Amino acid sequence: MNVAKMAAARHALALVEDGMKLGLGTGSTSALFVRLLADYVNSRELEIVAVATSQRTQQLAEQCRIAISELDEIGLLDLTIDGADEIDGHLNLIKGGGGALLRERIVAHASTRMVAIADDSKLVKCLGKYDLPVEIVRFGAATTLDRIGEYLADSGYGQVEGVVRMNGDRPFLSDEGNLITDWPLLCIDQPAQTHCGLKGLTGVVETGLFTHICVSAILGHDDDTTTVLAAPGTSKDGDA
């Protein structure tokens, strides 16, 4: 058991209140949170309903007897708790290591607050140490890869070669049936601009750059403590 991830997931439970509509993220730390949430809700007899950001998360939540609903059925969410592959000091994130970046963004934007949970190794000075996931449609994938490479070269990233993520000997497919490509950019000094530029390319569905979305991040440490980073103008639990 990763102590740091567990510490972050456990800390996030304090944000959950009776009657909440929650977004549940995807990834190893999010999975820990879902398991802890089930015990937390049952022990306190809380009434919550949740939306999952992936089929994997939904299956886990249902196994844990957490009430799952469709986003369109319950509308605006009170809180989304999700993991991150990288977090910078401005609370910009790289997400998509689990391949659920499209649904994760939809759920995050449908939430009053989005809080990231991760171990402290995910905190970086500049996003990009983790390869940037970009979700693309399957039709014309090679052409889209070329367009992405050209845009990145024109944007100062040099000659970057993206790869299609694989699941064994077959391409990995997102829950929406799209391909995930991964791009080693090393340092993304303008994440919002890079995200918008990539999203403007034909064939690109989504990027793993989440900017101006996360209101706070809970970072777990190996000594079972946590540090909370908050966006300007918000408290450490994400309240304005």
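In table form, for the structure just shown:
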{"item": "Listing of helices (runs of 4 or more DSSP H) fully contained in the stretch 11-94 that carry 1 or more residues being of a type in the set (Phe, Trp, Tyr) and farther than 23 Å from Val124 by Cα", "result": "28-44"}
{"item": "Hey, Thr207 under 14 Å from Ile94 (Cα atoms), out of contact with any His (no Cβ under 7 Å at 6 or more places or on another chain), surrounded by 19 or more Cβ atoms within 10 Å (Cβ to Cβ) and at pLDDT 95 or above or not", "result": "no"}
{"item": "Failed item, numbered, when Lys129 is tested on (1) closer than 30 Å to Ala7 by Cα; (2) basic (Lys, Arg); (3) outside any loop (DSSP other than H, G, I, E, B)", "result": "(3)"}
{"item": "Leading residue by the ranking (surrounded by the most Cβ atoms within 10 Å (Cβ to Cβ)) among those in the stretch 52-88 that are touching a residue at least 60 places away in the same chain (Cβ under 8 Å) and in contact with a helix residue (DSSP H, G or I) (Cβ under 7 Å, 6 or more places away or on another chain)", "result": "Ala84"}
{"item": "Matching residues in the stretch 8-51 - criterion: being of a type in the set (Gly, Ala, Ser) and surrounded by fewer than 23 Cβ atoms within 10 Å (Cβ to Cβ)", "result": "Ala14, Gly19, Ser28, Ala31, Ala38, Ser43"}
{"item": "Long-range neighbours under 8 Å by Cβ, at least six apart or interchain, first residue under 19 Å from Asp175 (Cβ atoms) and buried (at least 21 other Cβ atoms within 10 Å of the Cβ) within the stretch 103-132, second modelled with pLDDT under 95 and of a type in the set (A, V, I, L, M)", "result": "none"}
{"item": "Checklist (1) surrounded by 19 or more Cβ atoms within 10 Å (Cβ to Cβ); (2) outside the structural domain of Arg10 (by TED's automatic domain parsing); (3) farther than 14 Å from Val134 by Cα; (4) small (Gly, Ala, Ser) applied to Gly156, failing item", "result": "(1)"}
{"item": "Every residue from the stretch 211-236 that is in a loop (DSSP other than H, G, I, E, B), at pLDDT 95 or above, surrounded by fewer than 16 Cβ atoms within 10 Å (Cβ to Cβ) and of a type in the set (Val, Ile, Thr)", "result": "Thr225"}
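The values are calculated or read from the model by the stated rules, or taken from the named source; none is laboratory data. This one's a predicted model, so the numbers in the text were calculated from it and none came from an experiment. Because the Cβ atoms are built from the backbone with ideal geometry, glycine has one as well, and the counts that use them run over all protein chains shown.
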